[in-house]
Amino acid sequence: MRLWELIRTGLFEIYAHKTRSFLSFLSISIGVAAMLYTFSQVNGMFVQFNKALDLVGHGRLEIERKEDYRSRGLSPGLTYQDALALRRLMPELHMVSPVAQQWSQRFRYGGFSSEEPVLYGVTPEWAKRDWVYTLRGRFINDDDVLFAKRVCVMRMPGGWDEKPWWAVFWEDSKYDDFAAHNDLLDRQITLGDNLFTVVGVIKEPPRDKDPRWFSREWGSPIYIPISTYQKIMRLSNRGGKPDEVREINIDVGRGELVPAYQRRIKAVLLERHRGEEDFKIIDFRDRFQNILKNQRETARQVMAVGIVAILAGGIGIMNVTLATIYSRIKEIGIRRAIGARRRDILLQFLLEAMTLGFFGGIAGIALGYGGIWYLGRRSAETLAALELWHFAATLAIAVGTGFIFSVIPAYQASRLDPVEALRYE
Amino acid sequence: MIRFEDVAKIYGTGATGFEALGGVSFQVRAGEFVAVVGPSGCGKSTLLNILGLLDQPSRGLYALGGREVGTLGDGERSQLRRVKIGFVFQSFNLLPRFSALENVALPMSYAGMGMEERRARAAGLLDRVGLKSKSLQTPLELSGGERQRVSIARALANSPDVILADEPTGNLDSRSSAEILGLIRELHAQGKTVFLVTHDPGIASSAERVLSIKDGRIIEDRRR
Ligand SMILES: Nc1ncnc2c1ncn2[C@@H]1O[C@H](COP(=O)(O)OP(=O)(O)O)[C@@H](O)[C@H]1O
Ligand SMILES: [Mg+2]
């Protein structure tokens, strides 16, 4: 018996029992779709990881204050001076960018006023960091820092390129709305009691195209020279430590250099902090891995759903196979009488089930691919990171399910006594 | 060509066992026409099923073409059945969803024959039984007589030596019966060995050999 004929008989039977076939077909395809989704997620993670690394550089470190550290009173904390010292000692570094951010100041322009914007004190090196913006005017420059000028750069939200369904309740804040509709470049704004000139406006990429899934600064930042920031803070007399910075971002260039620089930076800072290790140096690659851990967990759950669905589909196939066998006992007898061997019968039912699995798999791939495409279309995280072998693997799983779950019924069919089968009505 | 020695078939075991065939012995030469007669339930179908290698004797020896076949395994019996035996049943036993042509071609596909050859051969066989014009109809669209002709064509698919017809005219009117019997006689004339189970005394009396069975035993083996 040729393969094609067995498959054709299988198709015949599948068609003859539409509802039954459709149900197992459905669960197989849901299972396959879930599998495919998992594959795309897992692969998408690698793609994202590499993309993010390309954007931030492979040699990125971030120095942060240790949150739970109990100071012995020796260390001045993580300061702008630390950043300057590192810059001086390691001039070859691609970037040493301190960021100060401790307090906010009321924003006022014309009649509009808001507490929303967050004030950041930065140096020109900030612009070396994950630059994904479009700039009008200019960024903070060395002169601004040197003379502690009252200038600022405003950051505008990018909005959505295409608003995804889940963001319908995502409202732009009043401040964002104001900023989006008023061109403040070269205007004077008030931050607290101080007048600033807006020398630049940077606009974020649309939210759904933003590759910086790893670190989003929420709120609407306004950047001012770090020296200006410290000066105002001192003047405002509100306590806090004006010298302190929230973080120092460092780019050592290449990934291989990271461990060595980690050690050197640690030594320098320990000395400056008089032996107190009140800071931590984070390798960005570790940070990505951590964030991806959550996604991996999600993928695992989807995978579990997929496996359950495939199992349900398999049981459906088993049911279909059993049912077809019972309704075709006579046929089995006839086939045996005209010379079919046991294994011909076995093969026939196995192939029918595998055909069912195959088409369930095809439908599942269509379903899954459609869904993944739909999701991927609306987010920057390329979900559609599917490779050809993913399709092959899912299809193989579907066909394999058909096979595994029909082995027992098909075997039973092949063991039927031909005489009794013929007598069966 | 066919030799039975003390062949018995017992259904069930021990005290509850039922002896459908109780020690049957006979020999049949190639090309003989054997009518098998006897009351209902006497074991005629059982005999034919053993002859056709569908069933295995519980005891005794069955030699086909000089070879002991009663004790062969399922695979070998299926293979022999495929090439040496053609069954014709009272209830036709055609596959309802397949066309006449496909039904006739099915045994050939189990024998591994190619698609083209099968089609040509099946069409030829249908022509031979006078159903050329209905080869694409399914059994449900055919009359009883036509169905039986399809099943005779199917029995001839792999050119078997032996035709086993179990009451082939049992479900047919007299005119169709006559046609079917005509076809079976033709096969005999072409040299096939034929076993024909029948209730019709007229048919029995015209056969060259008649095996009369009662309660699983041969009570008369008459040659003309
Ligand atoms: N599988 C079986 N189990 C028990 N008894 C059976 C079985 N098959 C047939 N028989 C019995 O064997 C006897 C012979 O049956 P059969 O050969 O079909 O008779 P017939 O001569 O009418 O064709 C009958 O009495 C029948 O009831
Ligand atoms: Mg009978």
Legend entry - Size of charge dipole - chain B - debye, nearest 20, with Cβ of Lys, Arg +1 and Asp, Glu -1, no other charges: 340 debye
Inset, instruction - With an 8 Å cut-off on Cα pairs and a minimum separation of 6 or more residues, tell me the relative contact order of chain A in percent. - result: 32 percent
Inset, instruction - Take the alpha carbon atoms of the range B:180-224, find their center, do the same for the range A:59-88, and report the distance between the two centers in whole angstrom. - result: 109 Å
Inset, instruction - State whether the range A:218-274 is rounded, prolate or oblate according to the following rule on the C-alpha gyration tensor (a ≥ b ≥ c being the square roots of its eigenvalues): a/c under 1.5 gives rounded; otherwise a/b larger than b/c gives prolate, and the remaining case gives oblate. - result: oblate
Legend entry - Fraction of beta bridges assigned by DSSP in chain A that are antiparallel (%, nearest 5): 75 percent
Legend entry - Summed side-chain charge close to B:Arg67 - residues other than B:Arg67 whose Cβ falls under 11 Å, Lys, Arg +1, Asp, Glu -1: 0
Legend entry - Dipole-positive endmost among A:Gln295, A:Ile282, A:Trp126 within chain A (Cβ charges, Cα centre): A:Gln295
Inset, instruction - Please build a GNM for chain A, connecting alpha carbons under 10 Å apart, and tell me which residue among A:Ser227, A:Ser327, A:Ser104 fluctuates the most. - result: A:Ser327
Inset, instruction - Restrict the search to the range B:50-157; then list the chymotrypsin sites (Phe, Trp or Tyr not before Pro) that DSSP places in a loop and that have at most 16 other Cβ atoms within 10 Å of their Cβ. - result: none
Legend entry - Equivalent ellipsoid, the range A:70-277 (semi-axes from 5 times Cα gyration tensor eigenvalues, Å): 31, 22, 16
Legend entry - Area accessible to solvent at A:Tyr80, 1.4 Å probe radius, in Å²: 30 Å²
Legend entry - Alpha-carbon centroid distance for the pair the range B:16-62 / the range A:388-420, whole angstrom: 38 Å
Inset, instruction - For n ≥ 4 DSSP H runs only, could you compute -39500 (n - 2.57) per run for chain A, divide by its residues and tell me the 222 nm figure to the nearest 500? - result: -18000 deg cm²/dmol
Inset, instruction - Take peptide B:88-96, look around each residue's Cβ out to 10 angstrom, count Cβ atoms belonging to other protein chains, and average those counts. - result: 3
Legend entry - Under-5 Å amide H pairs with A:Trp160, H placed in peptide plane, nonlocal only: A:Arg207
Inset, instruction - Please calculate how many Å² of accessible area the range A:70-277 carries per residue, with a 1.4 Å probe and no DNA, RNA or ligand atoms counted. - result: 49 Å²
Legend entry - Assigned charges on the beta-carbon of Lys, Arg, Asp, Glu; the range A:275-425 dipole about Cα centre (debye): 740 debye
Inset, instruction - Taking only the C-alpha atoms, wrap a convex hull around the range A:272-425 and report its volume per residue in Å³ as a whole number. - result: 155 Å³
Inset, instruction - Give, rounded to the nearest 20 debye, the magnitude of the charge dipole that the range B:131-206 has about its Cα centre when Lys and Arg contribute +1 at Cβ and Asp and Glu contribute -1 at Cβ. - result: 260 debye
Legend entry - Share of carbon and sulfur in the accessible heavy-atom surface of chain A [1.4 Å probe, %]: 59 percent
Inset, instruction - Under a cut-off of 12 Å between alpha-carbon atoms, report the aspartates and glutamates in cross-link reach of A:Lys280, not counting same-chain residues fewer than 8 places apart. - result: A:Glu62, A:Glu64, A:Glu67, A:Asp68, A:Glu247
Legend entry - DSSP beta bridge pairing in the range A:70-277, given as percent antiparallel to the nearest 5: 65 percent
Inset, instruction - Could you check which residue among B:Gly52, B:Gly43, B:Gly202 shows the biggest mean-square fluctuation in a GNM of chain B with a 10 Å Cα cutoff? - result: B:Gly202
Legend entry - Overall dimensions of chain B by Cα: Rg and Dmax, Å: 17.3, 55
Inset, instruction - Show which lysines lie in cross-link reach of B:Lys132 when reach means a straight Cα distance below 28 angstrom and same-chain residues fewer than eight apart are skipped. - result: A:Lys330, B:Lys84, B:Lys192
Legend entry - Chain pair B, A: total accessible area buried, heavy atoms, 1.4 Å probe, Å²: 2400 Å²
Legend entry - For A:Gly253, residues with placed amide H under 5 Å, excluding near neighbours: A:Gly59, A:His94
Inset, instruction - Summarise the partner chain shielding of B:52-58 as one whole number: the mean count of Cβ atoms from other chains within 10 Å of each residue's Cβ. - result: 3
Inset, instruction - Check cross-link reach from A:Lys51 to the lysines: straight Cα distance under 21 Å, and skip same-chain residues fewer than eight apart. - result: A:Lys128, A:Lys203, A:Lys209, A:Lys293
Legend entry - In the range A:81-148, the GluC sites (Glu not before Pro) that fall in loop regions by DSSP, at most 15 other Cβ within 10 Å: A:Glu92, A:Glu115
Inset, instruction - For peptide A:324-334, compute the average count of partner chain beta-carbon atoms within 10 Å of each residue's beta-carbon. - result: 2
Inset, instruction - May I have the extent of the alpha carbons of chain A along their three principal axes, as whole Å values ordered from largest to smallest? - result: 104, 51, 33
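The values are calculated or read from the model by the stated rules, or taken from the named source; none is laboratory data. Treat the numbers as computed from the prediction; the structure is a model and nothing was measured. Cβ atoms come from the backbone with ideal geometry, glycine included; neighbour counts cover every protein chain shown. Heads up: the accessible areas ignore ligands, DNA and RNA and are worked out on the full protein's heavy atoms, side chains in. Shrake-Rupley method; radii C 1.70, N 1.55, O 1.52, S 1.80 Å.
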